[in-house]
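**Student:** Here you go, one structure.
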Amino acid sequence: MRSFPIVATGIALAWVSPGLFWQMLAGFCALGVLFLAVRHTTAFCLGWLLIAGCSLEMTMNDLVGPESFQSTIALVKAAEIGLALVCAARWGGRGDPWNPAWAFLIMAGAGLSHGLYPGLTRADSLRSLIGSVAPFAFCFVRAPWSWADAVARTVRWGPVVAVAGGLVLAAAGVHPLFTDGGGMRLTGLGHPAFLATVCMAGMYAGLIQFYRTGRPSELLLLGVNLLLLVLTGARAPLFFAAMVTGLTLAFVPSPLVPPRWRLLMLLGAGATVPVLAGLMLAGGLGDFRLFALLDSGATNLSGRDTLWAAFDSVTAGSPWVGWGIGAGNVIIPPDSRIAQLLHTWAAHNEYLRIEVEGGQLGRALLIAMFAIWVWQRSRLLPAAERQIMRLVFLAFAGHAFTDNLLISTPACVLLTFAAAVFARGEAPGESPLPDAGWRA
């Protein structure tokens, strides 16, 4: 009975002014979500992290249509910024003066002063700027150990959740679990290349956790993420993830995992190569993209050479300061022949995209800030984690030559994972007990 006046007032308002009623209802719902996010901040962050890792823009594209693609990405990144603000309000913020996000702000200002690329509006440039800095949002938060540990755990399980969700949608006939792109490729809930980046982050998180605890279960989960990465058929992510893992096991010491065990792991991984080669030659794996490409020797399936030529021609017009943040999105029109043929208009090379948007000065600034930021933020980590994270970002720098690592939703996952690792180093807590079995 106490709620009757409220209900009656709502009905009367809906009758007299429907527009105002829906605005007020949306406002109350937003306040309710904000209240819950403040009360259950970590849970909301983990839920967002799983959504970002699932790359739901692809699923929404299948369910609703192409018009939902960009709006879904915008919602995911806006949610990250909103949650980071909630976290900062609860636990405190930090300046993070060397964060690469500042480089994007400087490039945006330089682009506006110089003049934006024809066809790029100030509003579009602002949206691209927000999208560029959003993946770094949690790096500006003084997060507690519990949040950082929960984020690292979620990143490890994220690919498994994405594939499990993909199984459900595939069974319902909504979204295929595998797609044909020069061979069968695992998609999960999104796109194979996006899933591959999330698998990389999962492997890195698993590798660090394995070194922290020595638990064989972490090694098993790392192997599962590696298998999913192989099934995506993404060659560059597999190469760099395998490089980081192999170099870590070979050269990064751990008091919990003795050298002889790490050597056995490497030998075991190497022993699978001739087995896979035999299956590939026998035709047992030829349906999967990675093995089909190895068998045929095909290269440049994404048409990168064609894409890069268009971007190279634009950089000559403003080589030093570029054409403003967001210019990379309008170099190749979505309805052009190249975009229709390749199903993309992105650069597939972050160095080239940043040169278009920020010029050689902006690109140099971004690279320098990345290097200093990783060096500074990793200094407080334990020795093994410090070396692993620096290897991760060296691989990130190499991978950026062939993919769009800073503007996709999986970038939010990778950089949030990095923020969690750095936060855990700055707010140390009790480490789990090691597994004595590796000492035998």
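**Student:** Just need a number here: residues in the stretch 223-241 that are open to solvent by 50 Å² or more (accessible area, probe 1.4 Å) and touching a residue at least 12 places away in the same chain (Cβ under 8 Å).
**Tutor:** So in the stretch 223-241, the residues open to solvent by 50 Å² or more (accessible area, probe 1.4 Å) come out as 224, 226-227, 235, 239.
Applying the additional criterion that residues be touching a residue at least 12 places away in the same chain (Cβ under 8 Å) yields 224, 226, 235.
So the count comes out to 3.
**Student:** When Val163 is evaluated against the numbered criteria (1) open to solvent by less than 50 Å² (accessible area, probe 1.4 Å); (2) among the aliphatic types (A, V, I, L, M); (3) over 19 Å from the mean Cα position of the chain (by Cα), which criterion, by number, is the only one it fails?
**Tutor:** All conditions pass for Val163, except number (3).
**Student:** For the stretch 116-159, give me the residue count where each residue is among the aliphatic types (A, V, I, L, M), within 21 Å of Leu405 (Cβ to Cβ) and more than 15 Å from the chain's Cα centre (by Cα). Before the answer, list the steps.
**Tutor:** The first filter runs over the stretch 116-159 and keeps only residues among the aliphatic types (A, V, I, L, M), leaving 116, 120, 123, 126, 129-130, 133-134, 137, 141, 143, 148, 150-152, 155.
From what's left, within 21 Å of Leu405 (Cβ to Cβ): 129-130, 133-134, 137, 151-152, 155.
Keeping just the survivors that are more than 15 Å from the chain's Cα centre (by Cα) gives 129-130.
Qualifying residue count, the stretch 116-159: 2.
**Student:** Among the residues of the stretch 350-373, count how many are under 17 Å from Phe140 (Cα atoms) and open to solvent by less than 10 Å² (accessible area, probe 1.4 Å).
**Tutor:** Number satisfying all stated conditions: 1.
**Student:** Check whether at least one residue in the stretch 255-262 is assigned to a helix (DSSP H, G or I) and surrounded by 14 or more Cβ atoms within 10 Å (Cβ to Cβ), and report yes or no. Talk me through it step by step, then tell me what you get.
**Tutor:** First pass over the stretch 255-262, keeping only residues assigned to a helix (DSSP H, G or I): 259-262.
Imposing the further condition that a residue be surrounded by 14 or more Cβ atoms within 10 Å (Cβ to Cβ) reduces the set to 261-262.
Yes: the stretch 255-262 contains one or more residues that are assigned to a helix (DSSP H, G or I) and surrounded by 14 or more Cβ atoms within 10 Å (Cβ to Cβ).
**Student:** Which residues, taken from the stretch 379-413, are within 20 Å of Phe138 (Cα to Cα), among the charged types (D, E, K, R) and outside any helix (DSSP H, G or I)?
**Tutor:** Result: Arg379, single match.
Let's see how each residue does on (1) at pLDDT 80 or above; (2) closer than 14 Å to Thr402 by Cβ; (3) β-branched (Val, Ile, Thr):
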residue	(1), (2), (3)
Leu301	no, yes, no
Arg304	no, yes, no
Gly326	yes, no, no
Asn329	yes, no, no
His343	no, no, no
Leu352	yes, yes, no
Val356	yes, no, yes
Gln360	yes, no, no
Ala368	yes, no, no
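**Student:** Against the definition (of a type outside the set (Phe, Trp, Tyr), more than 20 Å from Gly425 (Cα to Cα), modelled with pLDDT of 95 or more and touching a helix residue (DSSP H, G or I) at 6+ places or on another chain (Cβ under 7 Å)), how does Val151 come out, yes or no? Can you show your working first?
**Tutor:** On the way: of a type outside the set (Phe, Trp, Tyr): yes; more than 20 Å from Gly425 (Cα to Cα): no; modelled with pLDDT of 95 or more: yes; touching a helix residue (DSSP H, G or I) at 6+ places or on another chain (Cβ under 7 Å): yes.
The answer is no for Val151.
**Student:** In the stretch 117-143, which residue that is open to solvent by 20 Å² or more (accessible area, probe 1.4 Å) and touching a helix residue (DSSP H, G or I) at 6+ places or on another chain (Cβ under 6 Å) is farthest from Gly82 (Cα to Cα)? Reasoning before the result, please.
**Tutor:** Step one: list which residues in the stretch 117-143 are open to solvent by 20 Å² or more (accessible area, probe 1.4 Å), which gives 117-119, 121-124, 126-130, 133, 140, 142.
Right, trim to touching a helix residue (DSSP H, G or I) at 6+ places or on another chain (Cβ under 6 Å) and you get 117, 129, 133, 142.
Numbers: Tyr117: 30, Leu129: 16, Val133: 13, Arg142: 15 Å.
Checking each candidate, the answer is Tyr117.
**Student:** Let me ask something else about it. Can you name every residue in the stretch 380-406 that is open to solvent by 40 Å² or more (accessible area, probe 1.4 Å), at pLDDT 95 or above and not aliphatic (A, V, I, L, M)?
**Tutor:** Arg386, Gln387, Arg390
**Student:** A further question on this structure: Across the stretch 182-222, what is the number of residues that are outside any helix (DSSP H, G or I), surrounded by 17 or more Cβ atoms within 10 Å (Cβ to Cβ) and touching a helix residue (DSSP H, G or I) at 6+ places or on another chain (Cβ under 7 Å)?
**Tutor:** Residues that pass the stated criteria total 10.
**Student:** Mind telling me which of the residues Thr416, Thr409 ends up being out of contact with any strand residue (DSSP E or B) (no Cβ under 9 Å at 6 or more places or on another chain), surrounded by 24 or more Cβ atoms within 10 Å (Cβ to Cβ), modelled with pLDDT under 95 and among the hydroxyl-bearing types (Ser, Thr, Tyr)?
**Tutor:** Values: Thr416 fails: modelled with pLDDT under 95.
The conditions single out Thr409.
Residue-by-condition table, conditions (1) of a type in the set (Val, Ile, Thr); (2) out of contact with any strand residue (DSSP E or B) (no Cβ under 6 Å at 6 or more places or on another chain); (3) free of Cβ contacts under 8 Å to residues at least 40 places away in the same chain:
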{"site": "Ser68", "(1), (2), (3)": "no, yes, yes"}
{"site": "Ile106", "(1), (2), (3)": "yes, yes, no"}
{"site": "Tyr117", "(1), (2), (3)": "no, yes, no"}
{"site": "Thr121", "(1), (2), (3)": "yes, yes, yes"}
{"site": "Ser132", "(1), (2), (3)": "no, yes, no"}
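**Student:** While we're looking at this one, here's another question. When Gln376 is evaluated against the numbered criteria (1) surrounded by 15 or more Cβ atoms within 10 Å (Cβ to Cβ); (2) in a helix (DSSP H, G or I); (3) at pLDDT 85 or above; (4) not basic (Lys, Arg), which criterion, by number, is the only one it fails?
**Tutor:** Checking Gln376 against (1) surrounded by 15 or more Cβ atoms within 10 Å (Cβ to Cβ); (2) in a helix (DSSP H, G or I); (3) at pLDDT 85 or above; (4) not basic (Lys, Arg), the one that fails is (1).
**Student:** Find all pairs meeting these conditions: Cβ atoms under 6 angstrom apart; at least six residues apart or on different chains; first residue within the stretch 79-98 and within 11 Å of Ala134 (Cβ to Cβ); second residue open to solvent by less than 20 Å² (accessible area, probe 1.4 Å) and outside any helix (DSSP H, G or I).
**Tutor:** Ala84/Val141
**Student:** Do we have Leu247 as open to solvent by 60 Å² or more (accessible area, probe 1.4 Å), modelled with pLDDT of 90 or more and either under 18 Å from the mean Cα position of the chain (by Cα) or of a type in the set (A, V, I, L, M, F, W, C) (or both) here? Steps first, please.
**Tutor:** Details: open to solvent by 60 Å² or more (accessible area, probe 1.4 Å): yes; modelled with pLDDT of 90 or more: yes; either under 18 Å from the mean Cα position of the chain (by Cα) or of a type in the set (A, V, I, L, M, F, W, C) (or both): yes.
Considered against the rule, which asks whether it is open to solvent by 60 Å² or more (accessible area, probe 1.4 Å), modelled with pLDDT of 90 or more and either under 18 Å from the mean Cα position of the chain (by Cα) or of a type in the set (A, V, I, L, M, F, W, C) (or both), Leu247 comes out as yes.
**Student:** Pick from the stretch 72-104 the residues that are in contact with a strand residue (DSSP E or B) (Cβ under 8 Å, 6 or more places away or on another chain) and part of a helix (DSSP H, G or I): which of them is farthest from Gly326 (Cα to Cα)? Write out each step before concluding.
**Tutor:** We begin by selecting, within the stretch 72-104, every residue in contact with a strand residue (DSSP E or B) (Cβ under 8 Å, 6 or more places away or on another chain); these are 84, 87-88, 91-94.
Those left that are additionally part of a helix (DSSP H, G or I): 84, 87-88, 91.
Details: Ala84: 23, Cys87: 28, Ala88: 28, Trp91: 33 Å.
Out of the qualifying residues, it is Trp91.
**Student:** Given (1) modelled with pLDDT of 95 or more; (2) in contact with a Gly (Cβ under 6 Å, 6 or more places away or on another chain); (3) among the basic types (Lys, Arg), where does Arg185 come up short, assuming only one miss?
**Tutor:** Arg185 satisfies all of (1) modelled with pLDDT of 95 or more; (2) in contact with a Gly (Cβ under 6 Å, 6 or more places away or on another chain); (3) among the basic types (Lys, Arg) except (1).
The values are calculated or read from the model by the stated rules, or taken from the named source; none is laboratory data. Bear in mind the structure is a predicted one, so any value in this text is a computation, not a measurement. Cβ coordinates were reconstructed from backbone atoms using ideal geometry, including for glycine residues, and neighbour counts include every protein chain displayed. With ligands, DNA and RNA removed, areas are computed over all heavy atoms of the protein, side chains included. Shrake-Rupley method; radii C 1.70, N 1.55, O 1.52, S 1.80 Å.
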